[in-house]
């Protein structure tokens, strides 16, 4: 993994961030302010981004690439869209990582560090935290809808087997 601090003068990354759903409604200066607590990470194919069972305080936004999600060595999903968010659960409740995220090909992510957010000035800290909670709420809503659909499918299957 190669990590560099976020460079607010990097117009390519800023253009990509402006297209991330979590940030697309924000003025550019607010995005730049929030990203003061961020770094850019590049992972090569096969590198682990997050390891199941570990603790950390970072949330990630996918800029480009392909990531595999696995739990107990079983692939359960993938991330490939600009702005896909992962790693948020550990920040919300301090729990260990529930899955392993592995780069399937060269991948670029923005890593936002919760500890670094705490070191921002009061106004920037509050603003950045508000943005993050909005992101978390949106991610949770999508995942809850997906979980409900899977529960419904399973219930339909169980009902059909019982007939």
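Based on C-alpha pairs under 8 angstrom that are at least 6 apart in sequence, the stretch 2-162 has a relative contact order of 26 percent. Helical content of the chain, expressed as a calculated mean residue ellipticity at 222 nm, amounts to -13000 deg cm²/dmol (DSSP H runs of 4 or more residues, -39,500 (n - 2.57) each, divided by residue number, nearest 500).
Consider all pairwise Cα distances in the stretch 2-162 and report the whole-number % of them above 29 Å. Kindly include the intermediate steps, with their values, before the conclusion.
Values: 2723 of 12880 pairs.
Value for the stretch 2-162: 21 percent of Cα pairs lie more than 29 Å apart.
Rounded to a whole number, what is D in µm²/s for the stretch 1-57 from Stokes-Einstein with the Kirkwood radius over alpha-carbon pairs (10 °C, 1.306 mPa s)? Spell out each step's value before the answer.
On the way: Rh = 13.0 Å.
Reported coefficient: 122 µm²/s.
Once the Cα atoms are used to define both axes, helix 122-162 deviates from the longest principal axis of the chain by about 10 degrees.
Each reported figure results from applying straightforward, stated rules to the coordinates on display, with no laboratory input. As the structure is a computational prediction, the values presented were derived from the model and not from experiment.
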